[in-house]
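Reviewing the structure listed below.
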Amino acid sequence: MLPKRVLSAILFLFLISVGFSAFSSNAEEKPFQLIFPEIVIQHIPVSIDIRIPELSEVPLDTVHLRVSGKTEQVILVFGAGHITETFSKKETLTIEYGGYSESKQMTPVPLWMSILPPLIAIFM
């Protein structure tokens with residue numbers, strides 16, 4: 001027979017895991033997923049990937065998204081596509097689809113700053 005402390009710990013972990021699974025199943029599903037680039041360079045076009053799980057079985061489809069207030073047509077292949085944006089200053093990008101919107105603050109880095117890491121490495 002296991003000690004009371006071990007039984008209590010097992011029971012506690014079981015109840016916590018049941019609570020988390022119940023909480024996650026009630027969470028609202030987003031109709032799309034966005035994948036942003038890690039670095040955005042000023043005046044250089046960047047690709048933002050979009051995935052729509054409900055269209056993952058469809059070989060080819062077209063959807064209309066609202067990107068920062070303007071409507072864009074995106075071609076999806078098995079639920080995955082991309083949009084291309086160019087940023088010249090710090091701004092908020094908002095993408096809307098299926099009654100849901102997602103926003104991200106985009107801060108582009110000036111292109112001239114890309115020379116700094118090699119210069120630092122040379123002078124070290």
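Averaging the Cα positions of each part gives two centres, and for segment 57-124 and segment 34-53 these lie 3 Å apart.
Find out how many positive minus negative residues lie around residue 50, taking Lys and Arg as positive, Asp and Glu as negative, among other residues whose Cβ is under 15 Å from that of residue 50. Before the final figure, lay out each step's value.
Values: positive: 30, 51, 66, 104; negative: 49, 54, 61, 72, 85, 96, 102.
Summing Lys/Arg as +1 and Asp/Glu as -1 gives -3.
Taking GluC sites (Glu not before Pro) across segment 20-124, the ones in a DSSP loop with at most 10 further Cβ atoms lying within 10 angstrom of their Cβ are 28, 29, 38, 57.
Every number here is computed from the coordinates shown, using simple stated rules; none is lab data. Here the structure is a predicted model, which is why all the values come from computation and not from measurement. We place every Cβ from the backbone using ideal geometry, glycine too, and count neighbours over all the protein chains shown.
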